[in-house]
Amino acid sequence: MGFVFGLVAGSVLSFYSLTFPLQVVELMGDLFLRSLRMIVVPLIFPTLALSIADLGDVARLSRLSGLTIGYYLVTNAMAVTTGLLLVNLFQPGVGMPLGEETAPQLPDFRLSDLIRRTIPNNPFQAVAEGETLAIIFLSLLFGAGLLAAGEKGKPVRSLLTSGLHVTVVIVHWLIALAPIGVFSLSAHLSAEFGLGVLIPLSRYVFVVVLGLAVHGLIFLPLSLYLITKTSPFVYLRSFFPALLTAFTTSSSSATLPVTLDCAETAGVSRDARSFVLPLGATINMDGTALYEAVAAVFVAQAYGIPLSLPQQLLVFLTANMAAIGAAGIPAGGLVTMPLVYQAVGIPLAGLTLILPVDRFLDMFRTTVNVEGDIIGCQIVAQLYHRDEGTSPPPNPPQGKIQPDR
Ligand code: ASP
């Protein structure tokens, strides 16, 4: 509701050029986004650390992480394959007029730097600078330390548990404000870019959105149903607030507090949700992977660069890596795109071609990224508990949820 009102209000305000209300709406949207991002570190750290510590032993940890990483890799590969098939079938770049492109200024992205940054020199600096991969690494390591310390780690564990309770209370407050945030963000979006920018690139936009729809509306729900026998409609309905937040914020990380909250309400087992969701918000990006592959082949087509099968295979590999490396923030995928271009020799200036519609496509790919995490936590939960021979905890009573530690 807030989303639709926002779109209408944004169009009306920009039509009448009402600058002051537009500024107010922009500020409100920005405040909402900032408050979601603000809560991410205090939420990720204890959630991940306790999820490891509570597993009880290393064998269970390796089973859970094996299942999770396996799920991420398989679904990412499915998404890239879908993107590559569609972009080769529809050839949206063929006949695209090329202007005088100059490469946009993007920070230099190297995979080795990304791997290096996973282990921070200074943990406090990593937290202060919001280095998500480093924070995840620290949380997992700290959790493993807590697990190994046993009895002696108990006071720290209680402290983390209590800190998490407090954070979850604040998350509930933020979620109560979500309709206003969603209204403001969507009003700002519709005011900022009219749909006119989409026309010259409509074939490219069509292929990306079609690919995301095939993956998000068919493959992911089907995998959920086939593996867990859970109804995708019922399950995804409980995550509607998270999907809408992903769509309007274009940020998997900012959506994480909402996703975790929905997963708790939906009764997903705690082991799985507190491990799969924070990790997934950072490294599992099906939508981004699909988009990176389509964008690369699209630009190659526009430049008339034929891509052989081995080169397409390289696009497949690098698009997967670029998606893993992308930060869960708006345009995070754009920043890692040069990895794909450089690997197959596509001019970086080609990025200019896809820039005008990037913000628009970001909303769709982020929604699929978050959906991948949501479906992943149910699949991993079921497989993990099946292996363990235990049953996942029953659904909590509906209504206001309580932090469950
Ligand atoms: N905005 C995306 C996300 O947060 C990343 C991307 O730009 O593809 O999931």
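Just so you know, all these numbers are worked out from the coordinates, no wet-lab data involved. Nothing here was measured: the structure is a model prediction, and the numbers come from that model. FYI the Cβ positions are ideal-geometry reconstructions off the backbone, even for glycines, and counts take in every protein chain you see.
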| remark: Full extension between Ser162 and Phe240 adds, at 0.36 nm per residue less the Cα distance, a length in nm of 25.2 nm
| said: Taking loop as defined by DSSP and a crowding limit of 11 other beta carbons within 10 Å, which GluC sites (Glu not before Pro) in the range 25-101 fit? | reply: Glu100
| said: Under the 0.36 nm per residue contour assumption, what length would be gained going from the current alpha-carbon distance of Gln125 and Leu317 to full extension? | reply: 66.0 nm
| request: Using only Cα atoms, tell me the angle between helix 358-388 and the longest principal axis of the chain; keep it within 0 to 90° and round to the nearest 10. | output: 30 degrees
| said: If you filter the range 168-249 for trypsin sites (Lys or Arg not before Pro), then keep DSSP loop positions with at most 11 other Cβ within 10 Å, what is left? | reply: Lys229
| task | Work out how much length His385 to Tyr16 would gain on full extension: take 0.36 nm times their residue separation and subtract the Cα-Cα distance, in nm to one decimal. | result | 127.1 nm
| query | Given the rule -39500 (n - 2.57) for each run of at least 4 DSSP H residues, summed and divided by the residues of the chain, what is its mean residue ellipticity at 222 nm, to the nearest 500 deg cm²/dmol? | reply | -24500 deg cm²/dmol
| Value in Å of the Kirkwood radius, where the range 181-242 supplies the Cα pairs that are averaged | 14.3 Å
| field | Length-normalised contact order of the chain in % [C-alpha pairs under 8 Å, at least 6 apart] | value | 30 percent
| query | Expressed as an acute angle from 0 to 90° and rounded to the nearest 10, what is the orientation of the C-alpha long axis of helix 2-15 relative to the principal long axis of the chain? | reply | 30 degrees
| request: Pop out the ³J(HN,Hα) list for the range 21-29 in order, Karplus 6.51 cos²θ - 1.76 cosθ + 1.60 with θ = phi - 60°, rounded to Hz; leave Gly and Pro as x. | output: x, 5, 5, 4, 5, 4, 5, 5, x
| Using θ = phi - 60° and Karplus 6.51 cos²θ - 1.76 cosθ + 1.60, couplings along the range 38-46 (whole Hz; Gly, Pro as x) | 4, 8, 5, 5, x, 8, 5, 4, x
| said: Can you work out the Karplus-derived ³J(HN,Hα) for every residue in the range 269-274? Use 6.51 cos²θ - 1.76 cosθ + 1.60 with θ = phi - 60°, whole Hz, and x for glycine or proline. | reply: 4, 5, 3, 6, 5, 7
| message | Compute the helix-to-body angle for 332-344: its Cα long axis versus the longest principal axis of the chain, expressed 0 to 90° and rounded to tens. | response | 60 degrees
| said: Counting C-alpha atoms alone, how compact is the chain: give Rg to one decimal and Dmax as a whole number, in angstrom. | reply: 21.3, 67
| note | Here, chymotrypsin sites (Phe, Trp or Tyr not before Pro) of the range 13-106 satisfying both criteria (DSSP loop; at most 12 other Cβ within 10 Å) are Tyr16
